[in-house]
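The values are calculated or read from the model by the stated rules, or taken from the named source; none is laboratory data. Model, not experiment: these values are computed from the prediction. Cβ coordinates were reconstructed from backbone atoms using ideal geometry, including for glycine residues, and neighbour counts include every protein chain displayed. Accessible surface is based on the protein model in full, side chains and every heavy atom, while ligands, DNA and RNA are left aside. Shrake-Rupley method; radii C 1.70, N 1.55, O 1.52, S 1.80 Å.
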Number of protein chains: 2
Amino acid sequence: MDRDAADLSDDQRPSDADLEDIALDQDYALSATFVDMVIDAADRGDAQRLSELVSALRPADVADLMGFLTADYREEIVPHLPPENLAEIIAELDTNIREEVLEIVAPATLARALGALDSDDAADVVDDLDEAKRATVLAALPEGERSAIEASLAYEDQTAGRLMQREVVYAPQFWTVGQVIDHMRSAGDALPELFFDVYVVDPAMRPVGGAPVSRVVRFKPETLLAEVMESVTEIPVDMDQEEVAYIFDKYHLISAPVVDAGGRLVGQITVDDVVGVIQEEGEEDMLALANVSDAGRDASVAGIIGSRLPWLVVNLVSETVAVSAIAIFQDVVAKVVALAVLLPIISSLGNNASVQTLAVAVRSLASRELNSANTWRVVRREVVAGIVNGLALSVMIGLAVIAFYHDPKLALTAGLALMADIVIAALIGIAAPLVLEKLGRDPAVSSPIIVTFTTDFVGFFALLAIAALILL
Amino acid sequence: MDRDAADLSDDQRPSDADLEDIALDQDYALSATFVDMVIDAADRGDAQRLSELVSALRPADVADLMGFLTADYREEIVPHLPPENLAEIIAELDTNIREEVLEIVAPATLARALGALDSDDAADVVDDLDEAKRATVLAALPEGERSAIEASLAYEDQTAGRLMQREVVYAPQFWTVGQVIDHMRSAGDALPELFFDVYVVDPAMRPVGGAPVSRVVRFKPETLLAEVMESVTEIPVDMDQEEVAYIFDKYHLISAPVVDAGGRLVGQITVDDVVGVIQEEGEEDMLALANVSDAGRDASVAGIIGSRLPWLVVNLVSETVAVSAIAIFQDVVAKVVALAVLLPIISSLGNNASVQTLAVAVRSLASRELNSANTWRVVRREVVAGIVNGLALSVMIGLAVIAFYHDPKLALTAGLALMADIVIAALIGIAAPLVLEKLGRDPAVSSPIIVTFTTDFVGFFALLAIAALILL
């Protein structure tokens, strides 16, 4: 990828096949060279070239490209997006970029494009429109699609109802394999674009089983569906998407029927929708532990500040309270200045130890590996590990203090304080997420602040109180 | 779930259907009540009851159950695992529990069980056996399965080759839909248990396209496969599993053909294998940012210590170096003890700000949203946000200092130092992962230590050097 983008676009324009090669690096990530080519064409106002370039990309790659561009360039590219892929491209975009693009695209164009999407993806896009535009777009849609989208939007965000598509293939038990295949062959557009299971339902539309298509085709045409089907895992329509993801991951599901409160089949969720949820939930936990709210991919400077400054302010306040433990013992510090050097070491180690425990606990809670069946065992294990780690680190810091300050009493003070802090760190690191979870809160979100405050306060207090007892 | 487990198991033993209901909570996580029932049966040495209980569970739930039990109980349960599900259960177990179980199960039983698994899962299990047992088990397998497993193990860990299964459905372009369906109907055991795509290959076995089964069945039997097929995304057999996961997520793939260096079809990867990888990779990043090595689900105390103490020791050493900035200015602290109170606040905020930037950067790198096409824009955005956040926090800490100490010069000192530290935090928070990535290292693994050290050193040095200039 060391060829010069400007050269490429001026002299020897590569063919379309070449363009595809240039567009993606070996790992299928969009290449910087290609992004440069797009920027170059936009700068020169070369509309035809822009169309060529975006047409060489798959929808997911166009969405990627948009993420790499600034808002001005994006605006310039939107008119050149291939109409046949427009809906798919919009579905792939990150929320804040999507909102921007939806403002530019005409409602009629959008309505035309939406028809190509499954109901879940179409509802997602419509959900991002502002009130006025949403009404216009919905009005421009054919009756069937409009009602499907409206029905989907009626479910709460982040539930199975929003994740599912209403298009689903089902059949009664008494059908034969041959009848099912004939049905699939003739139903055409009414079927989902891609599907993996045929659900078997009773006369009240309640699922009684399911058969993977790859299983159905293996049986003789006269075989009854009842003989082919296997049991299915039903997803209640109001289930939280995080639980849906857990179930798909646990049982390696490819698709699952979604049922309403009466147990009737209302749609299906497929694993490709769930992959996105798993990715998201993992990222949310990671960012929450780092005290960031997710500002999305193309966050502006204001977005970045909004996602971080509030947490930093909370940190400033809680830390101001934590250092009150130092303020109380100010005269001790004045007499033994070496304590000012030790305070940050104890705080840093206490924090580190508690965040270690916290991260493991958040992960275990998310994967349901930690629940009331093993809470006490896990807590005990954490505390015992904390005691051992604390002992080891205390000996090390004690030796370091003796080496630098030749003061055994100061070494003892540092060792005892660190020991106390590491044990408290283990305890609070596991207790904070457990308690938050019990209270129905997200264990990843407020834990870091609680844990940092506790270990700092305990560490400062322990070091200086012990110093006051031993050293003065 | 407030019924008493002991009561249940003694008096009114629930039927099998009831057992299934008790086993899982509403969110399909294994219930604590059920775990208690298993422990109770094991304590009473009630073998029949144990068999009943584990037979009521699906393989993934048995694996879950094992995770909730201590090693002693696990040993007691292994002989009662239903033979027909044994292989699947073993495939579901976490690595360290699996090793333990594999030690107990007889090689002949294991060899019999492995036949039921797809080649990727079977290879995974065999990979966990110790040398001696591996030889015995492989020898007990039929020739075909042995060679499939050995071929799979020949690929490097965490590559597409290890993730893929060799069982795959393929056909030449000139076949008709009818021929393909007949083939699927007659091939039986040679086919994968479950599959989603029929790959179309040229005479040299190179994939030229693919057709989802749900698409194949929609066409008339006389349609040529060449008309039905769509383009496929080929996965090189030596591709890292993280890249495979990225591609599946990006293009919403359900399955993809795996090709060798010559472009020949050697297997397929299905999305259910990838879901696990996505989960894993996300967890790895989260734990790495918290300075923990993954010790697995059922880590012993020794395992926990091993996964954390080394990082804490590194932290102790780096922090000891960072506080040298305080040691240098010890006499400044002795003269203005309030500085000892301010040091931890600045360190805490600097750390927090850098970890925020770091987490976002690691996430963006993992999802390929950050590359050479937008590096400078992202770095600039981070630094500008750091300047704004720094200004805001500096004003706040300045006001707090005036409120508590009535000393404008000290307030100015704290404000300037915090400002410097927050800007450096933004810079190092984005630079560290970018540089590590460029060096081919995991950006999540060493970044936290680098970032903590830098912000602490800069924060301490800035506060005390400015204090020496302004206050003395």
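Over the protein assembly as shown, the alpha carbon radius of gyration divided by the compact-protein estimate 2.2 N^0.38 Å works out to 1.02. Of B:L253, A:L224, B:L30, A:L412, the order by accessible heavy-atom surface (1.4 Å probe, DNA, RNA and ligands excluded), from most exposed downward, is A:L412, A:L224, B:L253, B:L30. Here the accessible area of the stretch A:125-238 is 51 percent carbon and sulfur, with a 1.4 angstrom probe and all protein chains present.
Here the 3J(HN,Hα) profile of the stretch A:341-351, calculated from phi with Karplus coefficients 6.51, -1.76 and 1.60 at θ = phi - 60°, is 6, 7, 3, x, 5, 5, 4, 5, 5, x, 4 Hz, Gly and Pro shown as x. Our summary gives chain A a relative contact order of 10 percent, counting only alpha carbon pairs under 8 angstrom and 6 or more residues apart. With respect to the cross-link table entries A:K220/B:K250; A:K250/B:K250; A:K250/B:K438; A:K409/B:K409; A:K335/B:K409; A:K250/B:K220, which display a Cα-Cα separation exceeding 31 Å? Over 31 Å Cα-Cα: A:K220/B:K250; A:K250/B:K438; A:K409/B:K409; A:K250/B:K220. The amide H of A:V208, built 1.01 Å from its N in the peptide plane, has A:V200, A:V201, A:D202 as neighbours under 5 Å, considering only residues 5 or more places off or on other chains.
What you get for the stretch A:205-272, charging only the Cβ of Lys and Arg (+1) and of Asp and Glu (-1), is a dipole of about 420 debye around the Cα centre. Between the stretch B:360-415 and the stretch A:127-181, the alpha-carbon centres lie 45 Å apart.
Distant-in-sequence amide contacts of B:V259, defined by a placed amide H-H separation under 5 Å and a gap of 5 or more residues or a different chain, comprise B:I235, B:V237, B:V266. Using a 7 Å projection from Cα along Cα-to-Cβ, the label point at A:E143 is separated from the same position in the remaining copies by 6.6 nm, smallest value first. Label point of A:E99 (7 Å along Cα→beta-carbon): distances to the other copies' equivalent points are 4.9 nm, sorted ascending.
The label point for B:I470 and the one for B:R441, both projected 7 Å from the Cα toward the Cβ, are 3.5 nm apart.
Between the helical axis of A:301-322 and the longest alpha-carbon principal axis of chain A there is an angle of about 30 degrees. The residues of the stretch B:35-178 have, on average, 41 Å² of accessible surface per residue, using a 1.4 Å probe with all protein chains present. Plainly put, the tip 7 Å out from Cα toward Cβ on B:T70 is 6.4 nm from that tip on each other copy, the closest given first.
For A:D197, nonlocal amide neighbours, meaning residues 5 or more places apart or on other chains whose placed amide H falls under 5 Å from its own, are A:V213. Accessible surface for the stretch B:223-378, divided over its residues, is 31 Å² per residue with a 1.4 Å probe. For chain A, the Cα-based Rg and Dmax, in that order, read 29.6, 93 Å. Accessible surface buried by the B/A pair amounts to about 11000 Å², both sides summed, 1.4 Å probe.
Each residue of the stretch B:435-442 was assigned a 3J(HN,Hα) from its phi angle through the Karplus expression (A = 6.51, B = -1.76, C = 1.60, θ = phi - 60°), giving 5, 4, 4, 4, 7, x, 9, 6 Hz with x at Gly and Pro.
With the cut-off at 23 Å, report for the stretch A:256-384 the share of all Cα pairs above it, as a whole percent. Counting pairs separated by more than 23 Å, the tail of P(r) holds 62 percent. Rounded to the nearest 500, the helix-only mean residue ellipticity at 222 nm of chain B stands at -20500 deg cm²/dmol, with each DSSP H run of n ≥ 4 adding -39,500 (n - 2.57).
For the stretch B:157-279, the pair-distance distribution built from all alpha carbon pairs, in bins 5 Å wide starting at 0, is 2, 12, 22, 23, 20, 12, 6, 2, 0 percent. Take each residue in A:216-224, count the other chain C-beta atoms within 10 Å of its C-beta, and the mean is 3. Given a 1.4 Å probe and the protein chains as shown, B:S372 ends up with an accessible area of around 80 Å².
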